Amino acid sequence: MDRSAPAELLDIAVEVARDAAATAYRMRVEGVSVAATKSTVTDVVTAADRAVERQVVDALRRLRPGDAVLGEEYGAGETGPVAPGGVRWIVDPIDGTVNYLYGIPHCAVSLAAEVDGEVVAGVVRNVSTGEEWTATAGGGAWRDGERLRCSTETDLGQALVATGFGYDPGRRAHQARVVAELIPHIRDIRRFGAAALDLCLAAEGRVDAYYEKGLAAWDQAAGALVATEAGLLVAGLGGLPAGPDLVIAAPAALFKPLHDRLADLDASGGP
């Protein structure tokens, strides 16, 4: 069997993510400590973020020693560059760290496997609830053995849309202005605070669509694959791929009207 086959990579991702989520859960029960801040004083890193990522990296080195790893807390670490045809793992040890800090049960371990720049397998596991979403490229998206299908909503005015905000005050102010102008044209906004989980909620139609500016690779790698495999279009503005400027995930019928509204509102602009 090809050791880079998506199904095999997913099996490894699930094993590693479940163990990592168990560690994150245990450390939350024992008490959370802030280890550092990043972009602003509100952009926190907990000791659990670092411990969980180290656990994931160590597990992947043991199971697949030739692979590269990109993580939120340690970057590319000590794994070196990715060889052509090689696998790069992309990990967010705790997506939704502020939720985790406050004990809000909406945070997750996100782990994806990428081959030649394409994410081919991914898992997102809610640390608090144990809910788990998985996907492989071409193999569909799943939660607890159930195949996921995105919303069938066709009217943007009836769409429940999730989004998120950055930590920089200037960016947050710009994003708030976008939401203020968008909300009269949709059913309502939801802001849960964990991009990977937001993408998974969109994948199963618990929200109709999602957009956000400022996402890094680890924020969206696994969740975007789940969303895509559930039938959502996942992209940026003006034909660009989903990335730091903007990620939009919406059913085909909603994508263009949401995209055009966000373009008019300069959702990818600001700081």
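Summary of values
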read-out: Those residues of region 183-204 which are part of a helix (DSSP H, G or I) and either in contact (Cβ under 8 Å) with a residue 12 or more places away in the chain or touching a Cys at 6+ places or on another chain (Cβ under 8 Å) (or both), in sequence order; value: His185, Ala195, Ala196, Leu197, Asp198, Leu199, Cys200, Leu201, Ala202, Ala203
read-out: Ala235, sole failed condition from (1) open to solvent by less than 30 Å² (accessible area, probe 1.4 Å); (2) touching a residue at least 60 places away in the same chain (Cβ under 8 Å); value: (2)
read-out: Any pair with Cβ under 9 angstrom, 6 or more apart, that starts in region 130-153 at a residue that is without any contact (Cβ under 8 Å) to a residue 12 or more places away in the chain and ends at one that is open to solvent by 40 Å² or more (accessible area, probe 1.4 Å) and of a type in the set (Phe, Trp, Tyr); value: none
read-out: Count of region 6-20 residues which are under 10 Å from Ala113 (Cβ atoms) and small (Gly, Ala, Ser); value: 1
read-out: Residue that is farthest from Leu197 (Cα to Cα) [pool: residues in region 128-182 that are among the small types (Gly, Ala, Ser) and part of a helix (DSSP H, G or I)]; value: Gly170
read-out: Selected residue (only one of Pro271, Pro244, Pro169, Pro251 is touching a residue at least 40 places away in the same chain (Cβ under 8 Å) and touching a Leu at 6+ places or on another chain (Cβ under 8 Å)); value: Pro251
read-out: Of all residues making up region 54-76, the number that are part of a loop (DSSP other than H, G, I, E, B), open to solvent by less than 50 Å² (accessible area, probe 1.4 Å) and free of Cβ contacts under 8 Å to residues at least 60 places away in the same chain; value: 2
read-out: Positions within region 139-152 being of a type outside the set (Gly, Ala, Ser) and crowded, with 19+ Cβ neighbours inside 10 Å, in sequence order; value: Trp142, Leu148, Cys150
read-out: When residues of region 205-215 are limited to those that are out of contact with any Leu (no Cβ under 7 Å at 6 or more places or on another chain) and part of a loop (DSSP other than H, G, I, E, B), the one nearest to Val226 (Cα to Cα); value: Gly205
read-out: Verdict on Val91 being closer than 26 Å to Ala5 by Cβ, open to solvent by 10 Å² or more (accessible area, probe 1.4 Å) and touching a residue at least 12 places away in the same chain (Cβ under 8 Å); value: no
read-out: Total residues in region 137-175, condition among the hydrophobic types (A, V, I, L, M, F, W, C) and more than 25 Å from Ile186 (Cβ to Cβ); value: 2
read-out: Residues of region 98-117 that turn out to be surrounded by fewer than 24 Cβ atoms within 10 Å (Cβ to Cβ) and hydroxyl-bearing (Ser, Thr, Tyr), as a count; value: 1
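Residues checked against (1) closer than 29 Å to Trp89 by Cα; (2) open to solvent by less than 10 Å² (accessible area, probe 1.4 Å); (3) modelled with pLDDT of 95 or more:
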position	(1), (2), (3)
Val119	yes, no, yes
Val123	yes, yes, yes
Ala162	yes, yes, yes
His174	no, no, yes
Arg190	no, no, yes
Arg206	yes, no, yes
Ala227	yes, yes, yes
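The values are calculated or read from the model by the stated rules, or taken from the named source; none is laboratory data. Computed from a predicted model, the values in this text were never measured in an experiment. So basically every Cβ, Gly included, is an ideal-geometry build from the backbone, and we count neighbours across all protein chains shown. SASA here: full protein model, heavy atoms, side chains in, ligands and nucleic acids out. Shrake-Rupley method; radii C 1.70, N 1.55, O 1.52, S 1.80 Å.
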